[in-house]
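First comes the structure, then the notes that go with it.
Nothing in this text is a laboratory measurement; each read-out follows from the coordinates by a stated rule. Keep in mind that this is a model prediction, so the values were computed, not measured. Cβ: placed from backbone, ideal geometry, glycine included. Neighbour counts: every protein chain shown.
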Amino acid sequence: MKQIDLRVNGERVVREVADNRLLLDFLRNDLGLTGSKEGCSIGVCGACTVLLDGQAISSCLALAAFADKHEVTTIEGLAEDGKLDPLQQAFIDFGGFQCGICTSGQIMSAKALLDSNAHPSEDEIKSWMMGNLCRCTGYYKIIESIQAAAEGRVGA
Amino acid sequence: MVTASPVGHGVGHVKGPGKVSGRAQYTADLTLTGMLVGRCLRSPFAHAHIRSIDPTRDIPALSTLLLETRHGPAPYEGKAIGELSNVALPAAIVNAVYDAVGVRFTELPITAEKVYTALQAREGTGV
């Protein structure tokens, strides 16, 4: 067991975790943040994407202990004061999801993209989002949502 | 080519806010009292063959779960399901037994005695 002291969605969290506790299981089962999903469990599908100090990572491949003394942001932490992040609003406005299982990961990856590149080209979006699989939308709506968020065309 | 279908009044995706904020609850997110949990196990070895199955460990006792919705056409709003709920599972087990021991059964139940007899017959040693 190891005691970890980190910030999750802006709030300090101090917990005892098993050495082999996955970050994803820690978030979902220990903290009840079930927005992050487990899809493939091997870092391929992107459904478990969260931000670690602003970097997009697959939480199914990271240990909870790895996040000790770091800042984790999950999909639950994006909205501020009850107002959705422009990316979240764009996914609604432009139909960037259907079943929604991959959506948390899609949005968190896109968040990391726009934080580092506020106006990505379509090719840059496609390249960046390659690690987030979706079996419903056909991807066009996801790309469109990210473009709309980047261009401020949301909440119309 | 263009296809067009009347949709009436276009409404927003009512499930949208829940799905983009992580609040939407999927079955994997739910924990209920007395909940049964199933888990898919996959071989870590590509194209591996199942050599044997210990049914006491790999196939736990099967449970029947009645989820009442009360929208059926029968009296008391019930609905007959016949053998539908029994179709998939025995077939899967029959295939698993075939994979494990090489003998295929076409009748249920697959008792230990039947398996033994079939294996003896296949080996040509008699019972």
message: Please report the net charge: other residues with Cβ closer than 11 Å to the Cβ of A:Gly10, K and R +1, D and E -1.
response: -2
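Return A:Tyr140, B:Tyr76 ranked ascending by Cβ neighbour count within 10 Å, so the fewest neighbours appear first.
So the ranking, lowest neighbour count to highest, is B:Tyr76, A:Tyr140.
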- prompt: Going by how many other beta carbons lie within 10 Å of each one, how would you line up A:Ile125, B:Ile50, A:Ile75, fewest first?
  reply: B:Ile50, A:Ile125, A:Ile75
- request: Express in whole angstrom the spacing between the alpha-carbon centres of region A:93-156 and region A:29-65.
  value: 18 Å
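Which net charge results when you count Lys and Arg as +1 and Asp and Glu as -1 among the other residues whose beta-carbon is under 13 Å from that of A:Arg153?
-3
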- prompt: Want the number for A:Arg15 to A:Asp123: 0.36 nm per residue separation, take away the alpha-carbon distance, what's left?
  reply: 34.8 nm
field: Dipole magnitude of region A:57-156 about its Cα centre (Cβ charges: Lys, Arg +1; Asp, Glu -1), debye to nearest 20
entry: 300 debye
statement: Expressed to one decimal in nm², the mean projection of the alpha carbon convex hull of chain A is 8.6 nm²
message: Over chain A, with a Gaussian network built from C-alpha contacts below 10 Å, which listed residue (A:Gln89, A:Gln98, A:Gln55) shows the highest mean-square fluctuation?
response: A:Gln98
query: Counting other Cβ atoms within 10 Å of each Cβ, which GluC sites (Glu not before Pro) in region B:94-124 have at most 15 and sit in a DSSP loop?
result: B:Glu107
- line: Going through A:Lys37/A:Lys141; A:Lys69/B:Lys15; A:Lys126/B:Lys15; A:Lys69/A:Lys141 one by one, the pairs whose alpha carbons sit over 31 Å apart turn out to be A:Lys69/B:Lys15; A:Lys69/A:Lys141
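Taking other Cβ within 10 Å of each residue's Cβ, how do B:Phe105, B:Phe45 sort, fewest first?
Starting with the residue having the fewest Cβ neighbours, the order is B:Phe45, B:Phe105.
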query: From a point 7 Å beyond the Cα of B:Met35 in the direction of its Cβ, which residues of region A:78-104 have a backbone N at a distance under 17 Å?
result: A:101
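Counting alpha carbon pairs within less than 8 Å and at least 6 residues apart, what relative contact order, in whole percent, applies to chain A?
24 percent
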- line: Rounded to the nearest whole number, the Stokes-Einstein translational diffusion coefficient of region A:1-65 at 20 °C and 1.002 mPa s (Kirkwood radius, C-alpha pairs) in µm²/s is 181 µm²/s
Theoretical FRET efficiency, 1/(1+(r/R0)^6), r = Cβ-Cβ of B:His49 and A:Ser41, R0 22 Å, to 0.05: 0.40
task: Estimate the FRET efficiency between A:Leu61 and B:Thr117 by the formula 1/(1 + (r/R0)^6), using the beta-carbon distance for r and 45 Å for R0, to the nearest 0.05.
output: 0.35
